[in-house]
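Please read the structure below before turning to the comments.
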Amino acid sequence: MNSTKKFIYPWFSIAFAFLISLSLLLLPFVKVHSIPELIIDFGKIHPLVLHFPIAFILLVFVFELAQLYFSISFAEKYILVLLEAAALSGFFSVITGFLLNATGEYSGGLVLDHFMAGCITAALMWFSIGVYLIGRINPRFYALYSISLLASVLATAYTGHLGGSITHGKDYLPDYSQVLSSKPKDSIEIVPVNSLYHDVIAPILEMKCISCHNDLKAKGGLSIKTYTQLFKAGESNLMGITAGDALKSEIYNRIILPVDHKDHMPPEGKSPMTKDEIELIKYWIDSMAREDFLIQDTSSGEKINLVLNREIPRIQKFRKQLQLSKMEFGAIQSELDKIGKKIGVDFIKDHEEEGNLFVIQSKFPPSPFSNDQLYLLKPYLELFSKVSLISTAIDDDGLYYLAQMPNLKKLYLQKSKVNGSGLIYLRSLKQLEVLNLSFTKVDDQGAMFLMTFPENLKKVFLYRTKTSKEVADAVSKYKPGLNIILEEGPYN
């Protein structure tokens, strides 16, 4: 009786281990259309559990090496327990990764490679259990177990490398080839900053104000897109800029209000102006707000020169980036990678498009990304054909910058802070084909803007938004070529 149980149990365990191994290899090919949000949220613990299989499989490897080369013996049950712990935690890590991937918050080739490598790694761990158990019955299979264990360790290292590339960037490991090479890196000549208005004041206003005060969205009836518009009055009937007197200029008075004042500009939630920026605007206005005012016109002893000395490096960097359009692909990719590290996104060559076009996608795990980071991409707007900024803080004001990407074809903004009031900006995107706004607060009023979009727009996903089916049907009827989809939709 006991011998029968002893015989059945290991073979059942072996078959189970091989079955799980095969299932894990098939998991990347499983497509899901709908998973309850509560279960999907369970996937967010993936970054917490992925370290366990790494630790357990390395312990098994160390123990086996110790037995092989140092004649240190360990009870077989301990090896088996560690193998089982590695396999179980590996399985759990893959499942949470699968659920995390199903949220659509993370997309792109690197994420897919990481997931597939994770499935292969966990499958090898379960396969190792199977051949280990067979080896206990027939020692001739120990060599196969050793190969499988080594493959598990190597796969773990590769999967970890891909995970590190996702979280820290592709070049998070030192590239010693650049240190050993004497070949100089691509460089861009720094453009001198000459004009106080065009090179200093205008960039400040564009970064902090123009997303709310432009020709399409003129809050308070004021647009400051051009120099002449600065000298017009908004709904308050007060002049935006009164040349020669900052205290009589509505723009200046709004930016110096207390931050908690309801009329303070920029409004709550936007990046306020720095003291240096405010000081520069005041100086420029008091100096008659001239468009042709040159920086060298300031007297050498003036206090404003100290402020300019602090601001000019930032301006030089901005102007330097403007020259990217003249650079070759490799240099552009290098510059984008540097920026991507700072703002928490990846820039990937779009192989579906001709020319030097890129995809913007959020990193994993996501870094804080808002309208301010979008502004930093202004010199590169013509380079992007696809944007995936899912679960970011991008709101309707940020759509102003996205609308300036003339080559943009696909835009994914699921779970962002868009409510639809800024969709009017996007109608300038003549090449836009796919727009995914699932899990946002886009309502019927915002969805109505879709009627004004170019004919090139083919698909808009509005799953779990505030848009009613009646309005979605009405938009589709008005624009027969536009398919309004109230399902979740793709993420890349």
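Reported count of residues in the stretch 442-456, each being within 21 Å of Asn407 (Cβ to Cβ) and surrounded by 23 or more Cβ atoms within 10 Å (Cβ to Cβ), is 1.
The residues listed here are Ile204, Ile241, Ile210, Ile224; of these, the one that is of a type in the set (Val, Ile, Thr) and at pLDDT 90 or above is Ile241. Annotation for the stretch 311-324: at least one member residue is open to solvent by 20 Å² or more (accessible area, probe 1.4 Å), hydrophobic (A, V, I, L, M, F, W, C) and modelled with pLDDT under 70.
Within the stretch 285-293, does at least one residue satisfy the condition of being under 31 Å from the mean Cα position of the chain (by Cα) and without any contact (Cβ under 8 Å) to a residue 60 or more places away in the chain? No, there is no match, as no residue in the stretch 285-293 is under 31 Å from the mean Cα position of the chain (by Cα) and without any contact (Cβ under 8 Å) to a residue 60 or more places away in the chain. Of all residue pairs spaced 6 or more apart or on separate chains, those with beta-carbon atoms under 8 Å, a first member in the stretch 210-234 that is more than 22 Å from Leu376 (Cβ to Cβ) and in contact (Cβ under 8 Å) with a residue 60 or more places away in the chain and a second member that is in a loop (DSSP other than H, G, I, E, B) and open to solvent by 30 Å² or more (accessible area, probe 1.4 Å) are Tyr227/Glu291. For the stretch 355-364, the criterion of being β-branched (Val, Ile, Thr), open to solvent by 20 Å² or more (accessible area, probe 1.4 Å), outside any helix (DSSP H, G or I) and at pLDDT 65 or above is met by no residue.
Rundown of residues vs (1) open to solvent by 60 Å² or more (accessible area, probe 1.4 Å); (2) at pLDDT below 90, yes/no style:
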{"site": "Ala218", "(1), (2)": "no, yes"}
{"site": "Tyr252", "(1), (2)": "no, no"}
{"site": "Ile256", "(1), (2)": "yes, no"}
{"site": "Pro266", "(1), (2)": "no, yes"}
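Any chance the stretch 416-427 includes a residue that's within 28 Å of Glu335 (Cα to Cα), touching a residue at least 60 places away in the same chain (Cβ under 8 Å) and open to solvent by less than 20 Å² (accessible area, probe 1.4 Å)? Among the residues of the stretch 416-427, at least one is within 28 Å of Glu335 (Cα to Cα), touching a residue at least 60 places away in the same chain (Cβ under 8 Å) and open to solvent by less than 20 Å² (accessible area, probe 1.4 Å), which makes the answer yes. A single member of Ser89, Ser23 is crowded, with 18+ Cβ neighbours inside 10 Å, modelled with pLDDT of 80 or more and more than 14 Å from Tyr132 (Cβ to Cβ), and it is Ser89.
Just one of the listed residues (Leu124, Leu149) is closer than 17 Å to Leu58 by Cβ, part of a helix (DSSP H, G or I), touching a residue at least 24 places away in the same chain (Cβ under 8 Å) and open to solvent by less than 10 Å² (accessible area, probe 1.4 Å), and it is Leu149.
The values are calculated or read from the model by the stated rules, or taken from the named source; none is laboratory data. Worth saying up front: this structure is predicted, and the values here are computed from it rather than measured. Virtual Cβ from ideal backbone geometry, glycine too; neighbours counted across all protein chains shown. All accessible areas refer to the heavy atoms of the entire protein, side chains included, with ligands and DNA or RNA removed. Shrake-Rupley method; radii C 1.70, N 1.55, O 1.52, S 1.80 Å.
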